[in-house]
Amino acid sequence: MKNVDNRIELQDMMILSLITVLLLAIGLALYSYYFRMKVGPEQPVHFSHRLHTTEKGISCFFCHEGAVGTARSGIPPLQTCRLCHEKIIVYHPEIVTLRTYALENEPVEWVRVQNNVPDFVFFDHSVHIHRKIDCSRCHGNVREMDRIEQINEFDMNFCITCHRSEGATNDCFTCHR
């Protein structure tokens with residue numbers, strides 16, 4: 001009777017082990033899929049747009065103020081980051097790295113996410129902002145991204161489709177100057 005009980009326990013342990021391995025494999029696959037879909041290139045200083053915009057409620061325009069009044073939104077200077085981080089989580093490793101760049105007067109070599117249009121195209125962020133076109137229309141849901149990734153291919157078809165849906169002009173000289 002003891003042999004039968006030992007075999008049943010062994011079978012139960014094997015089934016439990018198999019289920020555990022299967023759940024781990026499924027979890028790993030989902031984890032890999034999620035991060036492959038939600039994470040852009042690694043940057044020299046880790047910066048989470050999700051944390052700053054969604055959790056902390058900071059407006060996109062606090063850092064990308066150029067988008068409101070100029071053609072380019074631009075990458076904010078280190079001084080913009082330091083406005084807050086001279087007082088907030090000063091000793092966080094990423095903030096220490098950021099401060100080191102600033103104190104050594106070294107530029108941060110950001111890995112550019114290709115959200116650019118070709119050189120022969122004129123695009124003005126401020127026009128779109130003032131017409132209340134949400135940034136996510138072109139850039140995706142940045143509020144949910146830890147690291148920025150390119151969501152759309154900015155080709156003529158993308159722009160024309162949006163202009164048509166918004167009732168905006170499709171005059172060639174609007175974008176090609």
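Values quoted throughout were computed directly from the atomic coordinates according to the rules given, and no laboratory measurement underlies them. The shown structure was predicted, so the numbers you read here are calculated from the model rather than taken from an experiment. As a convention, Cβ positions derive from the backbone with ideal geometry for all residues, glycine included, and neighbour counts pool all protein chains shown.
Numbers for the structure displayed
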{"item": "Cα convex hull volume per residue for the chain (Å³)", "result": "200"}
{"item": "Label-point gap, in nm, between C172 and N115 - each point 7 angstrom along Cα→Cβ", "result": "3.0"}
{"item": "Residues I89 and I133, FRET efficiency given R0 of 35 Å [Cβ-Cβ distance, rounded to 0.05]", "result": "0.55"}
{"item": "FRET efficiency, 1/(1 + (r/R0)^6) with R0 30 Å, evaluated for S48 and E106 via beta carbons", "result": "0.85"}
{"item": "Kyte-Doolittle at least -0.5, axis length at least 27 Å by Cα - qualifying DSSP helices, the chain", "result": "2-38"}
{"item": "In sequence order, calculated HN-Hα J values of segment 131-141 (Karplus, 6.51, -1.76, 1.60; Hz; x Gly/Pro)", "result": "8, 6, 7, 5, 4, 5, 4, 9, 9, x, 7"}
{"item": "Dipole moment magnitude, nearest 20 debye, the chain about Cα centre, only Lys, Arg, Asp, Glu C-beta charged", "result": "300"}
{"item": "Helical mean residue ellipticity (222 nm; -39500 (n - 2.57) per DSSP H run of 4+; nearest 500) of the chain", "result": "-14500 deg cm²/dmol"}
{"item": "Gain on full stretching of the segment that runs from D124 to I15 - 0.36 nm per residue minus C-alpha separation", "result": "33.1 nm"}
